[in-house]
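Below is one structure; the comments refer to it alone.
The values are calculated or read from the model by the stated rules, or taken from the named source; none is laboratory data. Quick caveat, the model's predicted, so the values are computed rather than measured. Counting neighbours? That spans all protein chains shown, and the Cβs are built from the backbone with ideal geometry, glycine included.
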Amino acid sequence: MPTLKDREVGIFFWAEPDAVATVRTVKGCGVTSGQLALDGHADLSPANAAAWKAALAAEDFHIFTVFAAYEGESYNDIPTVERTVGFIPKATRAERELRTRAVIDFGAVLGVKSFGCHVGYIPHDPAHPEYVAVRDMVRRIADYAATFGMTYCLETGQEPAVQLLEFFKDVARPNVKINFDPANMILYGSGEPIAAFRLLGQHVISVHGKDGDWPDAATPGALGTERLLGEGSVNIPKFMGVLRETGYVGPVCVESGVHGEEQRWVTLSKAVALLNSLR
Ligand code: MG
């Protein structure tokens with residue numbers, strides 16, 4: 001395992017079929033760690049898990065978290081997110097629970113100590129049957145992750161920090177933690193990210209380096225716009241200062257989907273350099 005520093009800067013990246021090539025490309029951006037995302041089509045077979053395990057060992061690359069995304073999810077606008085993302089859609093809940101367990105199994109083979117995903121828009125009313133069903137699913141997944149010594153990270157964004165904290169407390173599992181994404185707070189219009197971090201910080205074990213601008217108030221249901229790191233409304237220098245000041249020592253992984261494939265690795269490298277200058 002590479003030597004990791006406080007607020008180690010890594011990259012959130014998607015698993016491509018060639019594990020070694022993927023890890024080498026990510027390392028080319030100047031990092032030796034990151035978070036591995038597995039979409040709904042990713043190969044979760046034992047053979048592929050073994051290939052990833054070997055690639056990570058050969059490249060001396062550390063994975064903090066395995067993230068799951070699910071077939072049928074779409075982030076076009078807020079109503080679409082409400083309808084399609086995470087554990088909220090009833091029709092896919094059972095199959096996504098199975099898929100989640102398979103992603104956790106995959107991560108366990110790699111020796112990864114954390115799992116994360118978007119739960120989706122959690123109903124506000126704790127007595128609502130769908131709230132209860134989703135909360136109970138989160139508990140089952142957390143308990144399953146715990147059997148491998150893994151945490152389960154809730155990703156921020158789809159609800160204000162106060163509501164996420166209430167849900168977190170209601171789930172009441174010691175291995176449930178938070179992956180804090182400052183840009184998501186802005187993109188979903190869920191609240192000022194630095195204040196949100198101050199509220200949730202003691203439960204945060206990983207952070208996304210992502211930036212964005214607030215939704216256009218004149219367009220109901222619109223999401224905000226993701227920006228290059230440092231060019232959006234998060235105020236990345238101030239945010240990094242708050243991480244230091246509050247004693248946060250976990251990873252900060254650049255997550256970026258705003259650029260065309262050609263520019264992607266160039267902009268990721270620049271984002272890594274920016275965060276390293278601020279960590
Ligand atoms: Mg994120």
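Against the numbered list (1) touching a Phe, Trp or Tyr at 6+ places or on another chain (Cβ under 6 Å); (2) within 16 Å of the ligand (Cβ to nearest atom); (3) not polar (S, T, N, Q), A142 comes up short only at (2).
Being surrounded by 16 or more Cβ atoms within 10 Å (Cβ to Cβ), among the hydroxyl-bearing types (S, T, Y) and in a strand (DSSP E or B) is the requirement here; does Y152 meet it?
It is true that Y152 is surrounded by 16 or more Cβ atoms within 10 Å (Cβ to Cβ), among the hydroxyl-bearing types (S, T, Y) and in a strand (DSSP E or B).
Is there a residue being modelled with pLDDT of 95 or more, loosely packed, with under 15 Cβ neighbours inside 10 Å and either outside any helix (DSSP H, G or I) or at positive phi (or both) anywhere in segment 5-12? Yes, segment 5-12 has at least one match.
Against the list (1) in a loop (DSSP other than H, G, I, E, B); (2) without any contact (Cβ under 8 Å) to a residue 60 or more places away in the chain; (3) on the phi < 0 side of the Ramachandran plot, the condition V31 fails is (2).
For (1) at pLDDT 95 or above; (2) more than 17 Å from the chain's Cα centre (by Cα); (3) outside any helix (DSSP H, G or I); (4) more than 27 Å from N276 (Cβ to Cβ), each residue gets a yes or a no:
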| residue | (1), (2), (3), (4) |
| --- | --- |
| A21 | yes, yes, no, no |
| A47 | yes, yes, no, yes |
| V66 | yes, no, yes, no |
| G72 | yes, yes, yes, yes |
| R83 | yes, yes, no, yes |
| R93 | yes, yes, no, yes |
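Inside segment 201-212, residues that are in contact with a helix residue (DSSP H, G or I) (Cβ under 8 Å, 6 or more places away or on another chain) and either within 14 Å of the ligand (Cβ to nearest atom) or hydroxyl-bearing (S, T, Y) (or both) make up a count of 7.
Does segment 111-143 hold any residues that are surrounded by 18 or more Cβ atoms within 10 Å (Cβ to Cβ) and in a helix (DSSP H, G or I), and which are they? Result: V134, R135, M137, V138, I141, A142. Looking only at segment 175-194, residues that are more than 13 Å from the ligand (Cβ to nearest atom), touching a residue at least 24 places away in the same chain (Cβ under 8 Å) and either in contact with a strand residue (DSSP E or B) (Cβ under 6 Å, 6 or more places away or on another chain) or not β-branched (V, I, T) (or both) come to 5 in all.
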